Amino acid sequence: MNEVATLLARTELFGSLAPGALDAIAADSHERRYAKGESLFGEGDAADAFFVVAEGTVKVFVSSSQGKDMVLATLRTPEGLGEVSLLDGGPRSASAEAVDPVTVVAIARSTLLGVFQRERSVAEAMLRASGGLLRRLTGQAADLVFLDLEGRVAKLLVGMAGERGQQRDGGSVLELGLTQTDLASMVGGSRQSVNQILRSLSGRGLIEVHGQEILIADEAALRRRGGG
């Protein structure tokens, strides 16, 4: 329970709570584990809990009737997922899948709604998180209209490097933790097209690709290519 409370204290949603309040939420939560490729929930499922990622990477995506996926986000500790359905009481608006072995802390909707009533800061944090989600989705929709595929790839790499890149000599190193198919699903392209774009960006000295590790060698140029 202490480990769960420590995890919750690192989140944007619960980080402002006192230790006693964190312990109470931790006591009402439970741990779930998922193998690589296993579904946490599917689009249209009933929403029973809010999840906080404790270990591993989760991809959130929507699927078309033709079976094509578009990845909306990839989440790592201590990020949360599943807030939309908890707010409106509707079914899941997207699917979530474990990219690698994943452990999450599940907090029941009834528990979370009770916290909202007692703790104004948590309700405000949830509103900020929902607003951030809306802004991100609006930005993704605009990128599909106004940026070509290479621009979308460049913008995605810059954004991911800013969120989780590690500074090393020569630039920022990004551990993708994703396949090129997943990367393509995040920018609305095919795996083959994204592979060609990565090779082109590498050939022009903007990035270096080493398996699933990408070195951002010229962030300013990559940012300009992404419309920044």
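Computed from the coordinates by the stated procedures, all read-outs in this text should not be read as laboratory data. A quick note: this is a predicted structure, and the numbers were derived from the prediction, not measured. All Cβ positions, glycine included, derive from the backbone under ideal geometry; neighbour counts span all protein chains shown.
Around D45, which amide H atoms from residues at least 5 apart in sequence, or from another chain, sit under 5 Å from its own amide H, with H modelled in the peptide plane?
Amide H neighbours of D45, under 5 Å, 5+ apart: R92.
L137 to D100: extension gain in nm, 0.36 nm per residue of separation minus the Cα-Cα distance?
Stretched fully, the L137-D100 segment lengthens by 10.9 nm.
Hey, what's the Kirkwood Rh for the stretch 148-225 if you take every pair of different alpha carbons, in angstrom?
Details: mean 1/r = 0.0825 Å⁻¹.
So the Kirkwood estimate lands at 12.1 Å.
Spelling out what I want: for every residue of the stretch 129-140, take phi, set θ = phi - 60°, compute 6.51 cos²θ - 1.76 cosθ + 1.60 (Karplus), and round to whole Hz; glycine and proline get x.
Running phi through 6.51 cos²θ - 1.76 cosθ + 1.60 with θ = phi - 60° gives 5, 5, x, x, 4, 4, 4, 5, 5, 5, x, 5 Hz.
Step through the residues of the stretch 41-52 one at a time and calculate ³J(HN,Hα) from phi using the Karplus curve (6.51 cos²θ - 1.76 cosθ + 1.60, θ = phi - 60°), rounding each to whole Hz and writing x for Gly and Pro.
6, x, 4, x, 5, 5, 8, 10, 7, 9, 10, 10
Which net charge results for the neighbourhood of L222, defined as the other residues with beta-carbon distances under 11 angstrom from its beta-carbon, given Lys and Arg at +1 and Asp and Glu at -1? Provide the component values of the computation, followed by the final result.
Working: positive: K155, R204, R223, R224, R225; negative: E150, D218, E219.
That works out to +2.
Can you put F146, F14 in order, fewest other beta carbons within 10 Å first? Walk me through the numbers on the way to the answer.
Working: F146 10, F14 25.
Ordered by Cβ neighbours within 10 Å, fewest first: F146, F14.
Could you point to the residue in A106, P78, S65 farthest towards the positive end of the chain's charge dipole, with +1 and -1 charges on the Cβ of Lys/Arg and Asp/Glu respectively?
S65
Need the full-extension length gain, V209 to S64, defined as separation in residues times 0.36 nm minus the C-alpha distance. One decimal, nm.
On the way: separation 145, 0.36 × 145 = 52.20 nm, distance 3.02 nm.
Between V209 and S64, full extension yields 49.2 nm more.
Tell me the label-point distance for the pair R199, Q117, using the 7 Å Cα-to-Cβ offset, in nm and rounded to one decimal.
6.0
Compute from the Cα atoms of the stretch 54-167 the Rg and the Dmax, the latter being the longest Cα-Cα distance, and quote both in angstrom.
Spelled out, the Cα radius of gyration and Dmax of the stretch 54-167 are 15.8, 47 Å.
Along the stretch 143-153, what does the Karplus equation 6.51 cos²θ - 1.76 cosθ + 1.60 (θ = phi - 60°) give for ³J(HN,Hα), rounded to whole Hz, x for Gly and Pro?
My calculation for the stretch 143-153 gives 4, 4, 8, 9, 10, 6, 4, 5, x, 5, 5 Hz in order.
For L144 and R224 in one chain, what is 0.36 nm times their gap in residues minus the Cα-Cα distance, to one decimal in nm? Display every interim value, and only then the final one.
Working: separation 80, 0.36 × 80 = 28.80 nm, distance 1.67 nm.
Value of the extension gain: 27.1 nm.
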